[in-house]
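The next block holds one structure in the form of structure tokens; read it before the comments.
The values are calculated or read from the model by the stated rules, or taken from the named source; none is laboratory data. What you see is a predicted model, and the numbers here were worked out from it, not measured in a lab. Every residue, glycine as well, gets a Cβ built from its backbone with ideal geometry; the counts of neighbours run over all protein chains shown.
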Amino acid sequence: MSEFSGLYALWYREFKVFTRETSRVISSLVQPLMWLVIFGTGLGSVISLTGVPAGVNYQQFIYPGILCMTVLFGSLFFGLYIIMDKRVDLLKEVLVSPLSRTTIFFGKVLGGATDGTVQIILLMILGSLFFGIHFTLFSAIMSLVIVALLMVAIISLGLTIGSLMDSPEGFGLISSFVIFPLFFLSGALFPIKNLPAWLYSFVVVNPVSYAVDGLRTVILGAGTFGLLTDLAVIVAFDIIMILIGTWAFKRMKI
Amino acid sequence: MIETKNLTKRFDRLTAVNKLNLKIEEGEIFGLLGPNGAGKTTTLSMLATLVIPTEGHATVAGFDVRKQPSAVRHSIGFVFQDPSSDDMLTGRENLYLHALMYGVDMKNINQKMDDVLKLVDLTERQHERMKKYSGGMRRRLELARGLLHEPKILFLDEPTLGLDPQTREHLWTYIKKLSQEKKVTVIITTHYMDEADSLCDRVAIIDRGKIAALDTPQKLKDRLGGDVVRLKVNNKPRLDGIKKLKYVKNVKQEGGFVTMTVDDSGRHLQEILKRIGIVESVETRKPTLNDVFLHFTGSEMREEGGEGGYFERMMHSNQGGR
């Protein structure tokens, strides 16, 4: 019972803090909007897409990819922020409580996924208002499911790295060697059908590609792998990352 | 309440705590006294199950720290050296979080929060975000938080570090009140001698991971025997003569001063002055815990240095936001 209320406590904290950092919420929307408005319009004016349904422009084509990018950046850094918690000993207060490390891990994941989902809902509203994205009830719900599943994996990844790191100096390295490869190799910005073999092989082993593909399927009807494959891969990604994350949390020292 | 047997922690080559044997009784305020890096915090961390001992055993409230860490953590409250509450939440919200994590009975949670807030005089500021709290208020809230789940044992790691003298004395009052009213066993680490003296029932002086002395503050002071005599000297004092005297101990010369402990100084001062030569001024006083500390560790309390980059961490806590 105390584990359950502990889970609620951790979620409560993350969510309370999130609702009070409105400036952070707003700034987290600026980057995806710049990609959509500037990059989407700029590149969209010079390229023509093959293999997408008629009427889908480049801006709309990258929209699912930009949702995934928002998840990547937001969730990974959410996980990494436990380094800050280590520094101010906030984490100690949690670790000295009777809660198990597994509960603490899931509390973090749940809190982060809630924050991220709110951001994605805002982006979905903006998408349907300004970028001509049409959501049906089904596609809206499926999009949120896919996004939430991706968040769980990415937050777990962030928490794993964060629990192994001692200082935030390595944040830049993480961006270069984790976030950007996952993002660029996911097909977020280009169709993956006619890629050279070497690049395609990177795309298919990147689990984020399946989230992008899944979103593209439900939002635009323009997927490649098939929705079931997409979901299966993301769920498998989740399970692996949760296992690694809880393991890393259990052996975390402060 | 707490018992350790040969409790040892080694980090790589450094032995932070070396075969520590302690027995702390219920309801006592027990002080761990020592210079920075003596192993105080490591000892507390082992007792709180945050650090796993390399060797030896410890039981806390009857539970083994290795085998029953969760039960141990249920029975203790911990107030850390560094800030450990969430800036973005209000004082009351931080308490609420704590109650949830410790599975405190939710029926009378509001009553309990009111009680502990009143105990530390924060009722009026409870709905303010903690970033607006001063260092002392923060400490008081964290103290209140440590009590919320009614632990049998409360660990206080340098509870008054960096606080102004007035706030420190306030905090001492709260701690005394606690141990009297709620019968909480309090383990406190400090490197302030006056704090240990006025607060603790018993004190263990720890140096380099070992207990150098353990007793009540009064008995420790009595052990030095007699009074501390401090002489201001101008010329070269003749120390050999006084070192031979039976009733003189711990003769030390530093700068223009000679310090020693003397039994029944009122009677013997004449003889000492005769032997030492010309003296500019004389000061006699009862020994303080600081003298005891000097005697047992052979070194002055090192104030400088900061434990593990405390100020650096403070900086980060201000910037970090979460």
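Give the number of residues within segment A:118-135 that are β-branched (V, I, T), modelled with pLDDT under 95 and over 17 Å from A:W35 (Cα atoms). Steps first, answer last, please.
Narrowing segment A:118-135 to residues β-branched (V, I, T): A:118, A:120-121, A:125, A:133.
Filter again for modelled with pLDDT under 95, leaving A:118, A:133.
Checking which are over 17 Å from A:W35 (Cα atoms) leaves us with A:118.
The qualifying residues number 1.
A quick yes/no check of all residues on (1) surrounded by fewer than 20 Cβ atoms within 10 Å (Cβ to Cβ); (2) away from chain A (no Cβ under 14 Å); (3) of a type in the set (V, I, T); (4) touching a Cys at 6+ places or on another chain (Cβ under 7 Å):
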| site | (1), (2), (3), (4) |
| --- | --- |
| B:V104 | no, no, yes, no |
| B:N108 | yes, yes, no, no |
| B:L117 | no, yes, no, no |
| B:L143 | no, no, no, no |
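With respect to the conditions (1) more than 21 Å from A:D213 (Cβ to Cβ); (2) surrounded by fewer than 22 Cβ atoms within 10 Å (Cβ to Cβ); (3) out of contact with any Phe, Trp or Tyr (no Cβ under 8 Å at 6 or more places or on another chain), A:V118 falls short on a single one, namely (3).
All conditions but one from (1) among the polar types (S, T, N, Q); (2) part of a helix (DSSP H, G or I); (3) surrounded by 20 or more Cβ atoms within 10 Å (Cβ to Cβ) apply to A:S186; the one that does not is (2). B:F78 versus (1) crowded, with 22+ Cβ neighbours inside 10 Å; (2) more than 9 Å from chain A (Cβ to nearest Cβ): which is the lone unmet condition? With respect to (1) crowded, with 22+ Cβ neighbours inside 10 Å; (2) more than 9 Å from chain A (Cβ to nearest Cβ), B:F78 is out only on (2). On inspection, B:G241 passes the criterion of being surrounded by fewer than 16 Cβ atoms within 10 Å (Cβ to Cβ), over 15 Å from the mean Cα position of the chain (by Cα) and not aliphatic (A, V, I, L, M).
Condition check for B:A213 on (1) loosely packed, with under 13 Cβ neighbours inside 10 Å; (2) under 31 Å from the mean Cα position of the chain (by Cα); (3) of a type in the set (A, V, I, L, M): one failure, at (1). For A:F184, the criteria (1) on the phi < 0 side of the Ramachandran plot; (2) touching a residue at least 12 places away in the same chain (Cβ under 8 Å); (3) under 20 Å from the mean Cα position of the chain (by Cα) hold in every case but one, which is (2). A count restricted to segment A:64-83 and to residues that are farther than 20 Å from A:R24 by Cβ and either within 14 Å of chain B (Cβ to nearest Cβ) or touching a His at 6+ places or on another chain (Cβ under 6 Å) (or both) stands at 0. Considering (1) surrounded by fewer than 21 Cβ atoms within 10 Å (Cβ to Cβ); (2) over 27 Å from the mean Cα position of the chain (by Cα); (3) within 14 Å of chain A (Cβ to nearest Cβ), the lone condition that B:K131 does not fulfil carries the number (2). Meeting the requirement of 1 or more residues that are at negative phi and without any contact (Cβ under 8 Å) to a residue 12 or more places away in the chain, the helices (runs of 4 or more DSSP H) wholly within segment B:154-248 are B:165-181, B:217-224, B:239-243.
If only residues of segment A:84-114 that are of a type in the set (S, T, N, Q) and within 11 Å of chain B (Cβ to nearest Cβ) are counted, the one that is farthest from A:K250 (Cα to Cα) is A:S97. For segment B:36-49, a residue qualifies if it is within 19 Å of B:N290 (Cβ to Cβ) and surrounded by 21 or more Cβ atoms within 10 Å (Cβ to Cβ), and the qualifying residues are B:A38, B:K40.
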